[in-house]
Protein chains: 2
Amino acid sequence: MSLTIELHITTTTHLNLNPQTAISKRSYSIQFQSKSIYHSNPLTPLVLSHRKMCALPSSSSKVSFTVKSSLIDPDGGSLVDLVVPESERAAKISEAEAMPKVKLTKIDLEWAHVISEGWASPLKGFMREDEYLQSLHFNSLRMKDGSLVNLSLPIVLSVDDEAKERIGESIDVALIAPNGDLVAILRRTEIYKHNKEERIARTWGTTAPGLPYVEEVITPAGNWLIGGDLEVLKPIKYNDGLDHYRLSPHQLRREFDRRQADAVFAFQLRNPVHNGHALLMNDTRRRLLESGYKNPILLLHPLGGFTKADDVPLDVRMEQHSKVTFAGPRRWNS
Amino acid sequence: MSLTIELHITTTTHLNLNPQTAISKRSYSIQFQSKSIYHSNPLTPLVLSHRKMCALPSSSSKVSFTVKSSLIDPDGGSLVDLVVPESERAAKISEAEAMPKVKLTKIDLEWAHVISEGWASPLKGFMREDEYLQSLHFNSLRMKDGSLVNLSLPIVLSVDDEAKERIGESIDVALIAPNGDLVAILRRTEIYKHNKEERIARTWGTTAPGLPYVEEVITPAGNWLIGGDLEVLKPIKYNDGLDHYRLSPHQLRREFDRRQADAVFAFQLRNPVHNGHALLMNDTRRRLLESGYKNPILLLHPLGGFTKADDVPLDVRMEQHSKVTFAGPRRWNS
């Protein structure tokens with residue numbers, strides 16, 4: 001599950017993605033079928049369709065094209081950005097200081113980060129009950145225009161009985177990071193029952209013991225959920241030496257434009273990069289070039305938040321990603 | 001849960017639905033709020049929108065209207081009817097006799113009835129895996145045109161290991177009623193894993209013991225599900241003296257047309273009719289008349305299949321429904 005999103009854009013000049021030179025196929029013991037194992041083009045969901053922005057014809061009737069790789073629209077039509085503008089920050093902070101406080105766990109804070117930067121667009125805050133129930137029952141949210149957006153995991157904030165009591169009739173609450181910092185405001189809140197068993201059963205299709213997120217996050221959580229509109233007082237940072245990798249969707253889109261990407265293919269992973277990953281990435285790039293794309297860009301997208309206890313730690317993985325992408329993949333086989 | 005659907009259309013001439021004369025309000029001990037308890041018009045989901053069919057203008061430019069109460073389209077656009085035409089029956093029967101046989105339980109047979117008459121339109125048979133997974137995860141089926149149809153319960157047929165073995169590579173199978181009758185063919189079948197725990201968790205949001213349908217139907221069922229296109233060799237009947245109440249959706253639509261209904265309001269129930277039901281039915285009719293409908297028709301729709309063990313038996317309920325609707329509701333309060 002992606003909670004904190006760590007991002008690293010590889011550069012095609014550094015990462016040699018030509019499978020003929022980069023990877024010795026002899027090092028694989030598995031035989032690959034020459035026939036496609038896919039019923040349909042497996043790239044379709046990965047490739048963001050390219051779109052050429054056509055400038056208005058000039059008076060000389062010449063038409064100029066600009067490759068614009070901000071690409072597909074975000075779910076719901078526009079990218080959510082819930083970080084308070086600098087100019088309003090001081091006023092919001094003093095407003096928040098007078099509100100009832102809700103203490104966030106480390107994982108709550110990561111979800112606030114996810115929501116605030118628009119990773120969960122069109123979600124504008126922790127889910128209210130109508131959104132929560134749609135997510136549980138339909139794995140989707142219905143937009144005002146009737147269209148559906150996939151949201152198969154409830155993104156919710158729990159509070160315990162004591163916090164619910166303390167909030168009382170207050171409409172807005174302030175959210176406090178584990179270190180005590182005031183980080184956000186949740187507006188027009190709604191408090192509703194946290195039916196943990198139903199949440200678990202409908203999300204995982206089982207209530208068997210041993211699910212890490214259930215045991216570490218849901219079971220110890222409060223009996224209530226609080227939904228509302230989120231305003232983050234400043235961008236959420238972790239101060240772990242890795243924040244420069246954590247680009248927001250907005251920053252990524254700008255970067256894709258700057259590089260004039262006509263396709264972006266994303267590779268999300270929880271482990272160090274290994275040869276199997278490299279094969280997939282190289283093969284995807286090859287297919288995109290064969291399909292006529294001129295400048296496909298790889299988005300390497302390691303998960304930084306809640307991973308398994310025995311996973312390689314994030315800082316080690318980022319170091320490895322950084323090394324292999326800058327050194328080129330040949331070294332992986334040596 | 002509605003498995004076998006029993007139908008009884010009340011006649012407005014027999015059932016006096018005028019609340020002023022039919023029901024003595026003094027007999028109620030509960031005080032009703034004068035303010036609506038609904039956030040929106042509670043009738044909206046019940047009322048099938050009326051549609052006037054406009055004949056082509058005649059040469060004299062007069063436009064004639066016909067009230068047509070087949071009303072809204074069935075889910076998926078057209079009413080499914082999977083009963084084999086009489087002319088093809090003999091050939092299909094001899095074809096079916098050569099196929100591997102799957103023995104149905106009483107409840108399987110009721111589902112075959114539901115599917116064959118189009119109650120589960122657009123479903124054309126027991127669910128294949130893609131339909132089953134959509135139902136479990138999205139409570140809906142996606143049509144070819146991208147539209148969604150609500151189907152929140154998987155309608156599936158289970159087979160055990162022995163039956164799966166016996167079916168082997170056969171594409172089509174014959175379905176046998178509990179009494180040994182050959183009742184249907186399932187074509188272009190697909191056999192897939194019956195993950196009972198996931199089915200239960202995603203359908204009910206709990207895996208707690210004590211759910212009657214789980215304990216009586218799912219737990220003892222086979223480890224495999226078989227989906228395919230259904231062909232019912234003749235209309236499914238129960239020979240319990242109640243078959244004349246069991247109108248198909250097609251027959252109902254014809255009846256609504258014959259009565260020139262401009263609205264149909266349905267009342268589905270598992271119990272004998274009581275005063276609370278009568279109040280709801282009368283109130284609905286009153287609101288429809290106030291909304292401008294001229295001839296709203298009540299569809300009284302008792303559930304006949306899987307009900308709770310301590311429910312009033314179906315034949316007793318049908319007798320009661322028949323008595324109260326023909327005698328008029330005044331007698332209920334006496």
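Quick note: the coordinates plus some simple rules give every number you see, no bench work behind them. Keep in mind that what you see is a predicted model, and the values were worked out from it rather than measured. Note: ideal-geometry Cβ built from the backbone for every residue, glycine included; neighbour counts use all protein chains shown.
Annotations for the structure displayed:
- Antiparallel DSSP beta bridges within segment B:86-232, percent to nearest 5: 85 percent
- Distances, shortest first, from the label point of residue B:142 to those at the same position in the other copies read 1.8 nm; the point lies 7 Å along Cα to C-beta.
- Across the identical copies, how the residue A:164 labels are spaced - nm, sorted shortest first, 7 Å along Cα→Cβ: 4.4
- The loop-placed GluC sites (Glu not before Pro) in segment A:143-222, going by DSSP, that have at most 16 neighbouring Cβ atoms within 10 Å of their Cβ come out as A:169.
- Dividing the mean sequence gap of close Cα pairs (under 8 Å, 6+ apart) by how many residues segment B:202-316 holds gives a relative contact order of 27 percent.
- Antiparallel content of DSSP bridges confined to segment B:183-334, in %, to 5: 55 percent
- Under 12 Å from residue A:308, Cα to Cα: aspartates and glutamates that are on another chain or at least 8 residues apart: A:216
- Pairs with C-alpha atoms separated by more than 27 Å, drawn from the list A:144/A:294; B:92/B:193; B:164/B:196; A:103/A:193, are A:144/A:294; B:92/B:193.
- Distance between modelled label sites at residue B:283 and residue B:129, nm, 7 Å Cα→Cβ extension: 4.8 nm
- Cα-based shape type of segment B:135-292, given that a ≥ b ≥ c are square roots of the gyration tensor eigenvalues and the cut on a/c is 1.5: prolate
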